[in-house]
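One structure is given below, encoded as structure tokens.
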Amino acid sequence: MRRWFMMILAAVWLPLAAGTACHGGGAPEIMHERIAVTLEPAAHLLTGECTVTLNPHGATRLPFALHPGATVLHVTVDGQEVPVAFTGGTLTVGFYPGGRERTVRVGIGYRASFNDPLPGRTATTEDPSYGVNGVIAEEGVFLGGGADWYPEAPGVPARRTVEVTAPAGIEAVTAGRRLERGTRGDRSFSVWEEEHPVTSLSLSAGRYVVTERKRGALPLYAYFSPANASLAESYLDASARYITFYEGLFGPYPFEKFAIVENFIPTGYGFPSYTLLGGAVIRLPFIIGTSLPHEIAHNWWGNGVLADYRQGNWSEGIVTYVADYLLEERKSPAAGRDYRFRLLTEYASLVAPATDFPLKEFESRTDPSSRAIGYGKGAMLFHMVRTMIGDDAFFGALRDVCRERMYAAASWNDFTLAFSRRAGKDLSPFVDQWLARTGGPHLSLKDVTSKRDGGKWRVAGTIVQTAPLWQFPVTLCVTAAGKGVRQTVAVSEGRTPFSITVPDRPSRLVLDPDADLFRILSREEIPPAVNTIKGSRGLVAVIADNCAARPETVRLLLESLGQGGATVLRENEVRGPELAGHDLFVCGVPSRKGVLPVIGGEVTVSPQEFVVSGEAYRSAGDALLLVGGHPADRDRVAALFLPLSAAAAEACVTKITHYGKYGYLVFSGGQNRRKGVLPAGGGGTEINF
């Protein structure tokens, strides 16, 4: 996930660092910041002392961001207490007159309460913070960079030290190297130091079991609850492997440690030198192969090399590509192709013209549509560049960016320049169109012929691109006698002719067979899936008379799918016109044939049971979610939700949204037992001779 506090830093503090708010001179140079805090979970209280050593460079006062509800206990400048102004979360400290190159030491004592309400049962996870910025409680401590839990001056200090004291048994973690850790009487303590501070600090604490080891000189830690402590070794093993893998691609690991830290809310954060994963998330068996490498890669991209938000947040696109995607590609070419095609289907299913925006405007995910743009389209742009210039140039350029921009901000332009240098040609015309424009090309094959040409066969036709036009290379593949013949065609016009000669009678022609090009899939190319419902514009939900789910459960499911505003009708309220031009969501098995979704032959349903690939499910804990054809409109889809009891519906209702790429799901007792993808129609990019 994107480090949301970095956006706050860029939007609020970078202008101050330029000197606009440091009256009487330029931007101060913060040489060292020492933060000492004491946590009192039972009282939700933090008491802190922050000491900042700086060169004011002629400035006479300096603003610090601090939680607006904090109480300022004292402020000193060079040991002398001074009056201050503290309004609206800004603490302004004035300096005594002096030379431009003198060193000033500012000390701030304060206390503040942090007790954001913890999330209950959530319908959607598109807000990765769950609305929690700062909480100090018996369940645990999470203080995000946006919680203003310590006085933060404009800019980033050259060096930063943090000391955390808490009741004995509570372990704390933040960025940097762990210098000390121990217990004095009834208090635990730890001291952390950053060699290269890059962003606002976050802090976590809890009653952890600490497991540690070293990968060479690099300390690796797992801060897990006793319930999850047995998983620590497997997480540390995987962390060492991923760090070694990414060092080979990008260069040295940029921070002083790596830690996996358990959170008491189901987050998936990546911070400089550690990741914060919810306890329930840690227990999921696939997280070690998905979320963990994603957050480790963020230590290079997003936390090491920072995103320059003036040109958009590229970090989620590149991390999706080098973590989520690249690990699939390493399994097999087919797995890589499937992942790329999944990105295209998510964009086509989830992004509507009204919700689309240019990639250079992406900052963070706020809904499925923004995620499909910033993560998916961003990853595909990196893939297209890699396909054009080759692995050596692509990964060489990424190493160049790491070497040149580590601990500093980089923009899309910096990547384009690095790719162009390695490729030996200017790639900016190609890259800029994907950054500055919404959408992508709509393509189809027209007027395709297959004719014998001497002892060979010639396949000819036209690639049709609807306006607005894009410029790109695309691959065509003709299959003849079981072998594929490929040809790359440069497309820039509305109609681009092609001709491919093959040695035998052709059987099939496919445009972009490996899903290497970012393009807008047609409805026929998209397999019906949960994401199709999530991206529906104008959904109507029908509750059949035998629907076992409670009405509030159906509403929660719709909300989790981003369809909380859907029209909901009882089966006896459906007259027919209400369904025209709408995708459908049906709970239960309606008695009227014109309402029942079109279901493939592998699945049969009745109010009391359903059968999937010959296996019958009739237990009260079983539930089916299937996306099939619309009963009356070929251009629309319909979903069937068939829980065999209210409890079965309740157990799986908030989980379905996480299986967006699948066309059918079977749950038993809330656990997913089967899942699959239904075939698509093919569309106009595939010709069978």
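The values are calculated or read from the model by the stated rules, or taken from the named source; none is laboratory data. Fair warning: this is a prediction, and the values are worked out from it, not measured in the lab. As a convention, Cβ positions derive from the backbone with ideal geometry for all residues, glycine included, and neighbour counts pool all protein chains shown.
Being in contact with a Pro (Cβ under 9 Å, 6 or more places away or on another chain) and farther than 30 Å from SER411 by Cβ is a property that ALA232 lacks. Name every residue in region 590-602 that is in contact with an Asp or Glu (Cβ under 9 Å, 6 or more places away or on another chain) and closer than 14 Å to ALA638 by Cβ, in order of residue number. Matches in region 590-602: PRO590, ARG592, VAL595. Taking region 264-292 as the range and being farther than 17 Å from ALA172 by Cα and of a type in the set (Gly, Ala, Ser) as the test, the residues that pass are GLY268, ALA280, GLY289, SER291. For region 237-248, the condition of being over 28 Å from PHE114 (Cα atoms) and among the basic types (Lys, Arg) holds for at least one residue. The set of residues in region 588-613 being in a strand (DSSP E or B) and either more than 19 Å from ALA648 (Cβ to Cβ) or in contact with a Pro (Cβ under 8 Å, 6 or more places away or on another chain) (or both) consists of VAL598 alone. When restricted to residues that are crowded, with 16+ Cβ neighbours inside 10 Å and either hydrophobic (A, V, I, L, M, F, W, C) or in contact with a strand residue (DSSP E or B) (Cβ under 8 Å, 6 or more places away or on another chain) (or both), region 421-443 contains 9. For region 355-409, the candidate set comprises residues that are of a type in the set (Val, Ile, Thr) and closer than 28 Å to VAL198 by Cα; within that set, the residue that is surrounded by the most Cβ atoms within 10 Å (Cβ to Cβ) is ILE373. Of all residues in region 246-267, those being touching a residue at least 24 places away in the same chain (Cβ under 8 Å) and either more than 21 Å from the chain's Cα centre (by Cα) or part of a helix (DSSP H, G or I) (or both) number 9. For residues that are in contact with a helix residue (DSSP H, G or I) (Cβ under 8 Å, 6 or more places away or on another chain) and small (Gly, Ala, Ser), scanning just region 620-646, find the one that is modelled with the lowest pLDDT. If we take residues in region 620-646 being in contact with a helix residue (DSSP H, G or I) (Cβ under 8 Å, 6 or more places away or on another chain) and small (Gly, Ala, Ser), then ALA632 is modelled with the lowest pLDDT. When TYR223, TYR274, TYR269, TYR208 are checked against the criterion of being buried (at least 23 other Cβ atoms within 10 Å of the Cβ) and modelled with pLDDT under 95, TYR269 stands alone in meeting it.
All conditions but one from (1) aliphatic (A, V, I, L, M); (2) closer than 21 Å to GLY134 by Cβ; (3) at pLDDT 85 or above apply to MET6; the one that does not is (3).
I'm trying to understand the selection: among the residues of region 43-76, which are aliphatic (A, V, I, L, M) and at pLDDT below 95? Correct list: LEU54, ALA59, LEU62. Applying the set (1) farther than 15 Å from PRO528 by Cβ; (2) modelled with pLDDT of 95 or more; (3) out of contact with any Lys or Arg (no Cβ under 7 Å at 6 or more places or on another chain) to SER613 leaves exactly one unmet item: (2). Looking only at residues in region 576-599 that are of a type in the set (Gly, Ala, Ser) and more than 33 Å from the chain's Cα centre (by Cα), the one that is nearest to LYS675 (Cα to Cα) is GLY588.
Candidates are the residues of region 677-689 that are under 24 Å from GLY562 (Cα atoms) and surrounded by 16 or more Cβ atoms within 10 Å (Cβ to Cβ); the one that is modelled with the highest pLDDT is LEU678. Annotation: of all residues in region 13-28 being buried (at least 16 other Cβ atoms within 10 Å of the Cβ) and farther than 23 Å from GLY134 by Cβ, the one that is modelled with the highest pLDDT is PRO28.
Is at least one residue of region 583-593 within 23 Å of HIS658 (Cβ to Cβ) and loosely packed, with under 12 Cβ neighbours inside 10 Å? No, the conditions are met nowhere in region 583-593. Would you call ALA616 in contact (Cβ under 8 Å) with a residue 60 or more places away in the chain and either assigned to a helix (DSSP H, G or I) or closer than 24 Å to GLN671 by Cβ (or both)? No: the conditions fail for ALA616. The set of residues from region 186-224 being over 30 Å from HIS32 (Cα atoms) and under 25 Å from the mean Cα position of the chain (by Cα) comprises just one member, PHE224.
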